[in-house]
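**Q** Below is the structure I would like to discuss, written out as structure tokens.
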Amino acid sequence: MIKITGILNRITFYNKDNHYIIARLKTRGIKKSVTVLGHMAGVVEGESLELKGKWINHPKYGEQFKVEAFEVTLPATALGIRKYLGSGMIKGIGFVMADKIVDFFKEKSLDIIENEPERLMQISGIGKAKTSLIVKAWNKHHAIRRVMKFLQDYEIGVTHAAAILQFYGTRAIEILKTKPYALAIDIPEAGFEVADTIALKSGVKKDDPERIKASIIYLILKHENEGHVFAEKTDLIKRCKKLTSAIGELIEHALKILVKEKEIVIEKNPDYENMLCVYIKRLYKAETAIAAKITAILSIPIPEYGMNKELITTEVLKKLGVKLSTEQIEIVSKILSQRVVVITGGPGTGKTTLIRAICAVFKKIKQKVVLGASTGRAARRLFEVTQQKASTLHKLLLYDLNNDSFGRNSINPLDLDVLIVDEASMIDTMLMFSLVEAMPFNSFLILVGDIFQLPSIGAGNVLSDIIKSKTVKTFALTKIFRQAEKSPIIMNAHAIRKGHMPVLTEKNKKNELSEFYFIEADIPEKIVKTIIQLLNNRIRKAFPHIQEIQVLTPMHKGEAGIINLNQKLQSVLNTNINGIKSQGFKIFLMVILELYIKL
């Protein structure tokens with residue numbers, strides 16, 4: 001690696017989540033400042049740095065230095081220390097205090113603050129309280145430097161160091177020295193390998209039970225990050241052997257200890273005779289609690305509301321001006337006799353109309369209906385179609401970001417009679433656990449979703465599992481309505497779901513515009529040109545009332561990538577000359593098109 005030294009002149013960009021910095025470094029012998037970038041936690045403007053890395057060439061910004069390791073170089077001379085302490089970097093030490101400290105301790109000043117801070121009280125005017133303030137400020141500023149130095153001594157990259165610092169803060173070194181394998185459990189993204197590197201270099205044996213236990217927990221958590229609620233035991237042991245080189249007996253022993261310590265649960269899979277499932281206790285508790293609560297809600301008797309199919313049809317027609325299909329009427333009438341139900345159906349099958357009808361019928365019988373959805377976008381759409389307030393499930397459950405907890409729970413349940421949840425396929429196991437926990441036992445829960453739509457980001461496939469259990473009544477909307485039958489978008493969506501090739505040729509009558517087009521192009525320049533023509537001409541003219549259009553691209557760079565497409569579309573669609581510049585891009589105050597990019 002190449003090494004350069006200098007003074008951090010200016011920080012132009014800083015990401016507090018991962019400590020990624022773009023800055024200017026003033027180096028000796030070079031008149032112009034050097035652009036440096038990388039994960040550099042804790043550095044501040046004015047500090048002397050020793051950086052290790054490599055030179056890269058950015059197509060737009062030119063030559064830059066990519067940092068792979070760094071170290072803060074503290075001044076060694078009395079003059080340098082005086083300037084450093086007087087800069088205001090350390091809270092509680094200004095120019096006057098810096099002069100006092102350096103006059104008394106000379107070149108040893110920084111060493112005294114770092115290792116023998118109690119000696120500061122030898123200086124006139126510095127008492128116990130002032131010393132405590134200086135030490136606290138020094139430790140806060142330099143703890144990051146110490147952690148980075150510790151990790152780099154173990155050859156751990158600055159990217160992992162940033163994640164470790166964010167989680168442990170100033171306690172990082174203490175934890176990594178005494179409990180290195182806590183890292184594999186607390187920060188799975190940093191990985192077992194990082195914890196193992198520190199532990200083995202610190203003298204931990206390869207067959208240490210704590211090492212094997214940590215590897216098991218790490219692998220289960222990794223499995224969870226991939227969307228699974230449990231790991232299959234045979235596969236888990238195989239992975240553990242590969243990761244640790246441990247023999248099967250040691251792994252089996254570690255599994256037994258983890259069960260005894262109530263960290264994991266192992267049980268048979270009822271669907272497969274010889275399969276053993278290994279759960280993290282948290283997910284096992286959530287999954288079993290979901291099943292238990294739904295079973296309990298289903299056991300509560302339902303009063304007779306006296307709403308037959310004829311009354312339902314009349315009420316919906318009066319309130320919504322809509323005549324329900326035979327299939328929809330049948331479903332609404334049966335929902336009134338079920339505490340928990342699932343409604344599924346593809347596009348164009350009338351799920352939205354059915355939700356509106358259910359709301360109208362339950363309001364008729366004086367039941368308080370609350371609408372929820374897994375995402376903000378889905379909640380807004382639910383409000384638009386029902387004209388009734390709809391919230392995200394997190395908002396509904398009073399999620400507290402600081403404590404990672406919900407205000408609504410079994411002690412403080414939701415105030416409702418009926419909860420209708422749209423886009424239920426996106427609800428993961430932990431969120432569903434919190435949701436059903438907060439449901440009153442005598443309430444109705446209606447889950448609306450399509451198992452073929454987006455699955456949850458978190459672990460579990462809850463909606464699909466509820467349907468497969470056959471414990472909860474599931475209603476499937478199958479009829480595609482006439483207006484939907486005319487839409488090639490909807491028809492092609494159903495074709496794709498069934499594994500059939502979509503119809504890519506336009507079959508409408510002459511001079512009629514279709515909703516669905518497939519325009520084939522394999523040259524990036526032609527693709528960009530076509531997109532611009534569509535957005536600036538054809539789509540604008542065909543749909544003048546639409547203000548939001550999505551453009552999806554799978555890449556950042558390149559002719560058809562995010563950066564270039566944004567710039568090209570901006571220049572054509574945002575013609576307002578009044579704007580501001582940010583990092584080389586012009587941001588206009590008047591936006592006539594929202595461009596969403598799906599990565």
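The values are calculated or read from the model by the stated rules, or taken from the named source; none is laboratory data. Because the structure is predicted, anything quoted here is derived from the model rather than measured. Here the Cβ positions follow ideal geometry from the backbone for every residue, glycine too, while neighbour counts run over all protein chains shown. Calculation scope for accessible area: heavy atoms of the full protein, side chains included, ligands and nucleic acids excluded. Shrake-Rupley method; radii C 1.70, N 1.55, O 1.52, S 1.80 Å.
**Q** Looking at the stretch 326-355, which of the residues that are part of a loop (DSSP other than H, G, I, E, B), among the small types (G, A, S) and at pLDDT below 85 is nearest to the chain's Cα centre (by Cα)? Spell out how you get there, then give the answer.
**A** Step one: list which residues in the stretch 326-355 are part of a loop (DSSP other than H, G, I, E, B), which gives 336-339, 346-350.
Narrowing the set further to residues that are among the small types (G, A, S) leaves 337, 346, 348, 350.
Cutting the leftovers down to at pLDDT below 85 gives us 346, 348, 350.
Values: G346: 27, G348: 31, G350: 32 Å.
Taking the candidates together, the pick is G346.
**Q** Next question, about the same structure. Sort through E71, E63 and tell me the only one that's in a strand (DSSP E or B), under 34 Å from the mean Cα position of the chain (by Cα), among the acidic types (D, E) and loosely packed, with under 15 Cβ neighbours inside 10 Å. Outline the logic, then answer.
**A** Values: E71 fails: loosely packed, with under 15 Cβ neighbours inside 10 Å.
Step by step, each of E71, E63 is checked, and only E63 is in a strand (DSSP E or B), under 34 Å from the mean Cα position of the chain (by Cα), among the acidic types (D, E) and loosely packed, with under 15 Cβ neighbours inside 10 Å.
**Q** Select from the stretch 510-559 the residues that are touching a residue at least 24 places away in the same chain (Cβ under 8 Å), within 28 Å of M491 (Cβ to Cβ) and open to solvent by less than 60 Å² (accessible area, probe 1.4 Å) and list them in ascending order.
**A** The answer is S514, F516, I527, I531, L535, A542, I549, V551, T553.
**Q** Considering only helices (runs of 4 or more DSSP H) fully contained in the stretch 139-193, which possess at least 2 residues that are at pLDDT below 75 and crowded, with 18+ Cβ neighbours inside 10 Å? I'd like the intermediate steps shown before the answer.
**A** Values: elements: 158-168, 172-178, 182-186.
Of the helices (runs of 4 or more DSSP H) lying wholly inside the stretch 139-193, those with at least 2 residues that are at pLDDT below 75 and crowded, with 18+ Cβ neighbours inside 10 Å span 158-168.
**Q** Does the stretch 233-249 contain at least one residue that is in a loop (DSSP other than H, G, I, E, B), of a type outside the set (G, A, S) and surrounded by fewer than 20 Cβ atoms within 10 Å (Cβ to Cβ)? Lay out the reasoning, then the answer.
**A** Let us first name the residues in the stretch 233-249 that are in a loop (DSSP other than H, G, I, E, B), namely 245-247.
Next, only the ones that are of a type outside the set (G, A, S) stay: 247.
In the following step, the residues that additionally are surrounded by fewer than 20 Cβ atoms within 10 Å (Cβ to Cβ) were identified as 247.
Yes.
**Q** Please determine, by comparing only the residues of the stretch 21-49 that are in a loop (DSSP other than H, G, I, E, B) and modelled with pLDDT of 85 or more, which one is farthest from A76 (Cα to Cα). Working first, answer last.
**A** Of the stretch 21-49, the ones in a loop (DSSP other than H, G, I, E, B) are 27-33, 40-47.
Remaining after also requiring modelled with pLDDT of 85 or more: 27, 33.
Numbers: T27: 18, S33: 24 Å.
Filtering first and then ranking leaves S33.
**Q** Give the residue, chosen from N18, N9, that is modelled with pLDDT of 80 or more and either open to solvent by 20 Å² or more (accessible area, probe 1.4 Å) or not in a loop (DSSP other than H, G, I, E, B) (or both). Working first, answer last.
**A** Values: N18 fails: modelled with pLDDT of 80 or more.
Of the residues listed, the single one that is modelled with pLDDT of 80 or more and either open to solvent by 20 Å² or more (accessible area, probe 1.4 Å) or not in a loop (DSSP other than H, G, I, E, B) (or both) is N9.
**Q** Being part of a loop (DSSP other than H, G, I, E, B) and more than 19 Å from G376 (Cα to Cα) is the filter here, so list the residues in the stretch 415-427 that pass it. Spell out how you get there, then give the answer.
**A** Our first condition is that a residue be part of a loop (DSSP other than H, G, I, E, B); within the stretch 415-427, this holds for 415-417, 423, 427.
Within the stretch 415-427, D415, L416, D417 meet the criteria.
**Q** Could you tell me whether T375 is under 25 Å from V229 (Cα atoms), at pLDDT below 90 and open to solvent by 10 Å² or more (accessible area, probe 1.4 Å)? Quick ask: steps written out before the conclusion?
**A** On the way: under 25 Å from V229 (Cα atoms): yes; at pLDDT below 90: yes; open to solvent by 10 Å² or more (accessible area, probe 1.4 Å): yes.
So T375 fits the description; yes.
**Q** Quick check on my filter: what residues within the stretch 287-325 are among the polar types (S, T, N, Q) and either farther than 30 Å from M432 by Cα or in a helix (DSSP H, G or I) (or both)? Before you say what the answer is, go through the steps one by one.
**A** Kept after step one, since they are among the polar types (S, T, N, Q), are these residues of the stretch 287-325: 288, 295, 299, 308, 313-314, 325.
Scanning the stretch 287-325 gives T288, T295, N308, T313, T314, S325.
**Q** With respect to the numbered conditions (1) touching a Lys or Arg at 6+ places or on another chain (Cβ under 8 Å); (2) assigned to a loop (DSSP other than H, G, I, E, B); (3) surrounded by 13 or more Cβ atoms within 10 Å (Cβ to Cβ), which one is the sole condition not fulfilled by V102?
**A** It fails just one condition, (2).
**Q** Give me the residue from the stretch 252-268 that is free of Cβ contacts under 8 Å to residues at least 12 places away in the same chain and over 15 Å from E210 (Cβ atoms) and, out of that set, most open to solvent (accessible area, probe 1.4 Å). Steps first, answer last, please.
**A** Within the stretch 252-268, the first condition is being free of Cβ contacts under 8 Å to residues at least 12 places away in the same chain, and the residues that meet it are 256, 259-261, 268.
Retained after the next criterion (residues that are over 15 Å from E210 (Cβ atoms)): 259, 268.
Values: V259: 62, K268: 146 Å².
Per the stated criteria, the residue is K268.
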